[in-house]
1. So in region 430-486, with the set limited to residues that are more than 41 Å from the chain's Cα centre (by Cα) and of a type in the set (S, T, N, Q), which one is least open to solvent (accessible area, probe 1.4 Å)?
2. Identify all residues within region 352-388 that are open to solvent by 30 Å² or more (accessible area, probe 1.4 Å), over 26 Å from K247 (Cα atoms) and assigned to a loop (DSSP other than H, G, I, E, B); write none if there are none.
3. Can you say whether K273 is open to solvent by 80 Å² or more (accessible area, probe 1.4 Å), in contact with a strand residue (DSSP E or B) (Cβ under 8 Å, 6 or more places away or on another chain) and touching a residue at least 40 places away in the same chain (Cβ under 8 Å), as far as the supplied structure shows?
4. Quick one: T109 ticks every box in (1) open to solvent by 40 Å² or more (accessible area, probe 1.4 Å); (2) part of a loop (DSSP other than H, G, I, E, B); (3) hydroxyl-bearing (S, T, Y) bar one, so which box is it?
5. Out of E207, E217, E230, E167, report the one residue that is touching a Phe, Trp or Tyr at 6+ places or on another chain (Cβ under 9 Å), surrounded by 19 or more Cβ atoms within 10 Å (Cβ to Cβ) and not basic (K, R).
6. Which of the residues spanning region 534-562 are outside any loop (DSSP other than H, G, I, E, B) and touching a residue at least 60 places away in the same chain (Cβ under 8 Å)?
7. I'm trying to understand the selection: among the residues of region 330-350, which are over 24 Å from N281 (Cα atoms) and open to solvent by less than 50 Å² (accessible area, probe 1.4 Å)?
8. Pairs under 7 Å by beta carbon, first residue of a type in the set (G, A, S) in region 167-180, partner open to solvent by less than 100 Å² (accessible area, probe 1.4 Å), six or more apart or different chains?
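The values are calculated or read from the model by the stated rules, or taken from the named source; none is laboratory data. Quick caveat, the model's predicted, so the values are computed rather than measured. Neighbour counts run over all protein chains shown; Cβ positions are idealised from the backbone, glycine included. The area values use the complete protein model at the heavy-atom level, side chains included, leaving out ligands, DNA and RNA. Shrake-Rupley method; radii C 1.70, N 1.55, O 1.52, S 1.80 Å.
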Amino acid sequence: MRIKNSFFYTLREDSSDDASRSGSLLTRAGMIKKAGSGLYVFMPMGLRVLRKVEGIIKEEMDRSGAQELVMPSMLPIDVYEQCGRVEAFGDGMFKFKDRNLRDYCLGPTHEEMFALAAKEMVRSYKDLPFNLYQQADKFRDEPRPRYGLIRTREFIMKDAYTFDTPETQPESYKKMYDAYCRIFDRMKIDYKIVRADVGAMGGDLSEEYQALTDIGEDTIVLCDGCDYAENLEVATTKMVGDNDKPKKLEKVKTPNCKTIEDVCNFLNVPVEKSVKALLMNVDDEFVCFFVRGDREFNVSKACKLLGVSEINFANDELIATSNACPGFTGPVGLNCKVVIDEEVKLMHNFVVGANEEDYHFINCNIDDIKYDVSGDISNVIEGDICPDCGGKLYFKKGIEIGNLFKLGTKYSEALGLTYLDKDNKANPVVMGSYGIGPARVISSVVEQNNDEHGIIFPVSIAPYTVCIVVANVKDEDALNYAYSLEKELEEAGIDVLVDDRDERAGVKFNDMDLLGIPFRVTVGRAFKDGEVEFKLRRDSDSTNISTDKIVKTIEKAIEKEL
């Protein structure tokens, strides 16, 4: 493509309302434009990148044996109601009525619709396994769209669904696992595969492909001694108790100490020798959760432990049904449902609230507490012990770019998707769900690959592989050579962008660097001597190459990068 007389622009200033490096660079490069909160236009240059990402995804999905289709975005809401997901998505689902007052939604995801599509064919175990996928729009009413393309309200998702018997499901899952690794490897993404919470999707297992970046919304827990990798929401640690000899429980006055930090400072004890209370509403029942003072309460773990979909903070009316005293609540003599973190059972002589204004207990031990349920309900912290090898845990930030779910039979049972086995007995089909966010992939690549000049795209998804910059477009010989080189490279299957604008060379160099095009050929002063400048985007220096060798040089450079 030749820039002159085409739709092409770049911006000199960063976007004032974008906190992410990727969002800012993609906007400045004229690849995306914000249309509204969480809504973006893909401009021609950005669309080329998106299509290349989608192309790699399609190639690897087809290679795995999956078949492509396209589902509608506007869907009857009753399909989601059958599987209990209207409640699960809550306000995150866009809902509306048509002119006949029938309820519809914009699809946040398509498990239900794919299950209904599968019902058209599945009768026997002989019809299984198979894999269907699409690359289509999804809609979620995010409360805080942010970070450019990372958190939006309308986005393209590649979602695939496998349909299996219990015997064939492991192989189908492995095929998707391997396909995802090939996809992200081809895009040169630095990623980790981590176990995660199944959330609103449901099922037995969720694994995420997390691109490691400083701007990532997710916290990834890693080990310095092994390949342990989990999302913070499900990460665990090897719990080790202290060897302190239990002392006698004692109530002490702690005036105006309502936070755990205030109490520990007043009593001159470390925060890890305290236990704090979380006063919560669980299905309209007042439940008090207790975790070590320096740990954070993990709502996802607590929901799974109690078998509920959500846990909220208790209001004053609900708290008043107990003898809990906000700011001074403790598990000793508390007359409500008590849930303690498993770690509390290993602690000795810790500080807790006394359920009385301005008072706490010291030297509390597990025998002093009457509790209803115990389990892992807290987040790990850096320095905790790895549950697999005993190494030290540490944190990285990540952007979720792909996920794998073993859905089990949740959707097939709800929607009547069954097959007859060899004994002619009806069984629910075992499903898997597999998602990739192409726009998030682009953001992740840019977050991981940029410098002070702009984006540094890998060859596989760059908008163009080679840019040819004509330093002086008034030099007709140089301009004609650039056009002939463009044709020769295109005939070799290499996509080329020619900067033939009547602009200063420095402006052109800056724009090409901002776009992140992997290879630059400059037709400049050396052209009169039969040479052009060749430069890799990642390098600071260029090399003079004779015009009769430049095509081979480019081909070898591309081969090396790929």
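1. S484
2. Within region 352-388, I381, E382, G383, P387, D388 qualify.
3. Numbers: open to solvent by 80 Å² or more (accessible area, probe 1.4 Å): no; in contact with a strand residue (DSSP E or B) (Cβ under 8 Å, 6 or more places away or on another chain): yes; touching a residue at least 40 places away in the same chain (Cβ under 8 Å): yes.
No.
4. Result: T109 fails condition (1) only.
5. Working: E217 fails: surrounded by 19 or more Cβ atoms within 10 Å (Cβ to Cβ); E230 fails: touching a Phe, Trp or Tyr at 6+ places or on another chain (Cβ under 9 Å); E167 fails: surrounded by 19 or more Cβ atoms within 10 Å (Cβ to Cβ).
Within the list E207, E217, E230, E167, the selection yields E207.
6. In the first step, residues of region 534-562 are kept if they are outside any loop (DSSP other than H, G, I, E, B); the result is 534-536, 543-546, 550-561.
Answer for region 534-562, where residues must be outside any loop (DSSP other than H, G, I, E, B) and touching a residue at least 60 places away in the same chain (Cβ under 8 Å): I550, V551, I554, E555, I558, E561.
7. First, pick out the residues of region 330-350 that are over 24 Å from N281 (Cα atoms): 346-350.
Scanning region 330-350 gives M347, H348, N349, F350.
8. From region 167-180, the pairs are S172/P129; S172/N131; S172/T162; S172/D164; S172/G432; A179/E60; A179/M61; A179/S64.
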